[in-house]
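Values in this text are rule-based calculations from the coordinates and carry no lab data. Predicted, not measured: the structure shown is a model, and the values here were computed from it. Quick reminder, even Gly has a Cβ in these numbers, built from the backbone with ideal geometry, and neighbours come from all protein chains shown.
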Amino acid sequence: MSGGPWGSLMAAAQAGDAAAYHRLLAELGFWLHRYYARRLPRAMIDDAVQDTLLAIHQKRHTYDPQRPFEPWLAAIARYKWIDRLRTLRAAATEALTDDIAQPGHEEAVTSAWSLDRLLGELKPAQSDAIRMVKLQGFSIEEAAARTGQSVSLVKVNIHRGLGRLAAIVRKRADAE
């Protein structure tokens with residue numbers, strides 16, 4: 001079998017192993033939550049996860065254990081994400097007036113400015129990768145395509161950049 005750990009669990013589930021199926025769905029639930037957290041408004045995440053788990057359950061017979069599991073899963077998750085985006089587009093919106101109070105607006109602006117200054121202390125490739133993946137919600141693959149870096153290099157730049165940010169913050173906290 002070439003389906004990886006989740007593929008092995010799905011193959012066992014297809015053979016009637018309820019414990020393997022329960023474990024698979026639990027692990028996929030965590031992964032899907034992270035997947036949708038980068039792509040959807042917070043209020044839509046749980047419903048998207050549930051819809052996707054239901055689709056996986058309904059389509060489980062279509063999974064071929066000789067093939068990788070992750071692309072099969074990603075295709076289902078992507079289609080459910082697109083379905084959610086369509087509902088967002090179709091939803092009615094209300095115009096906001098200028099007199100809406102925004103508590104904590106000053107704090108948010110200050111935090112954004114501070115974060116921008118911190119990211120400015122990193123190498124541009126690290127800063128760009130962190131902005132795209134961690135702040136703007138792009139996938140690693142999308143960030144790689146936009147920056148021209150390999151997927152591995154984007155991951156390395158994020159890891160090293162976050163480590164550098166942590167060191168800068170620790171150093172400043174120790175100085176105070």
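Which percent of Cα pairs goes in each bin when the distances of segment 36-93 are cut into 5 angstrom slices starting at zero?
Here the calculated profile for segment 36-93 is 4, 18, 26, 22, 14, 9, 5, 2, 1, 0.
What are the ³J(HN,Hα) couplings of segment 124-130, residue after residue, when phi is run through the Karplus curve with 6.51, -1.76, 1.60 and θ = phi - 60°? Round to Hz, x for glycine and proline.
Coupling constants for segment 124-130: x, 5, 5, 4, 4, 5, 5 Hz.
Would you mind checking the tilt of helix 105-120 against the longest principal axis of the Cα atoms of the chain, expressed as 0 to 90 degrees and rounded to 10?
Between the helix axis and the principal axis of the chain, the angle is about 80 degrees.
Around residue 73, what is the net charge, scoring Lys/Arg as +1 and Asp/Glu as -1 over all other residues with Cβ under 12 Å from its Cβ?
+3
If I fit a long axis through the Cα atoms of helix 4-14 and take the longest principal axis of the Cα atoms of the chain, what angle between them do I get, 0 to 90°, rounded to 10?
With rounding to tens, the tilt is 40 degrees.
Taking Cα pairs under 8 Å and at least six residues apart, what relative contact order does the chain come out at, in percent?
Dividing the mean separation by the residue count of the chain yields 20 percent.
Straight-line reach only, C-alpha to C-alpha below 18 angstrom: list the lysines that residue 80 could link to, leaving out same-chain residues fewer than 8 apart.
Reachable lysines: 59.
Beyond 12 Å, what share of the Cα-Cα pairs of segment 119-175 remains, rounded to the nearest whole percent?
61
If you project the alpha carbons of the chain onto their three principal axes, what span does each projection cover, largest first, in Å?
Taking the Cα atoms of the chain, the three principal extents are 60, 42, 32 Å.
Divide by every residue of the chain the summed helix terms, -39500 (n - 2.57) for each DSSP H run of at least 4, and state the resulting mean residue ellipticity at 222 nm, rounded to the nearest 500 deg cm²/dmol.
-24000 deg cm²/dmol
Please give every one of the lysines within straight-line cross-link reach of residue 171, meaning a C-alpha to C-alpha distance under 26 Å, and leave out same-chain neighbours fewer than 8 residues apart.
123, 134, 155
Quick one: putting +1 on the C-beta of Lys and Arg, -1 on the C-beta of Asp and Glu, what dipole do you get for the chain around its Cα centre, in Debye to the nearest 20?
Dipole magnitude for the chain comes out near 660 debye.
From the gyration tensor of the Cα coordinates in segment 1-56, what semi-axes in whole Å does the equivalent ellipsoid have, largest first, with each one equal to sqrt(5λ)?
Listed largest to smallest, the semi-axes of segment 1-56 are 24, 11, 8 Å.
Give me a comma-separated list of calculated 3J(HN,Hα) values for segment 147-163, in order, Karplus coefficients 6.51, -1.76, 1.60 applied at θ = phi - 60°, integers in Hz, x for any Gly or Pro.
Per-residue couplings from phi come out as 9, x, 8, 6, 4, 4, 5, 4, 4, 5, 4, 5, 4, 5, x, 5, x Hz.
So what J values fall out for segment 47-63 if you push phi through Karplus, 6.51 cos²θ - 1.76 cosθ + 1.60 with θ = phi - 60°, rounded to Hz, Gly and Pro as x?
5, 5, 4, 5, 4, 5, 4, 5, 5, 4, 4, 6, 9, 4, 5, 8, 6
Using mean Cβ contacts within 10 Å as the protection proxy, how do 43-56, 12-25 order, highest first?
Those peptides, ordered most packed to least, come out 43-56, 12-25.
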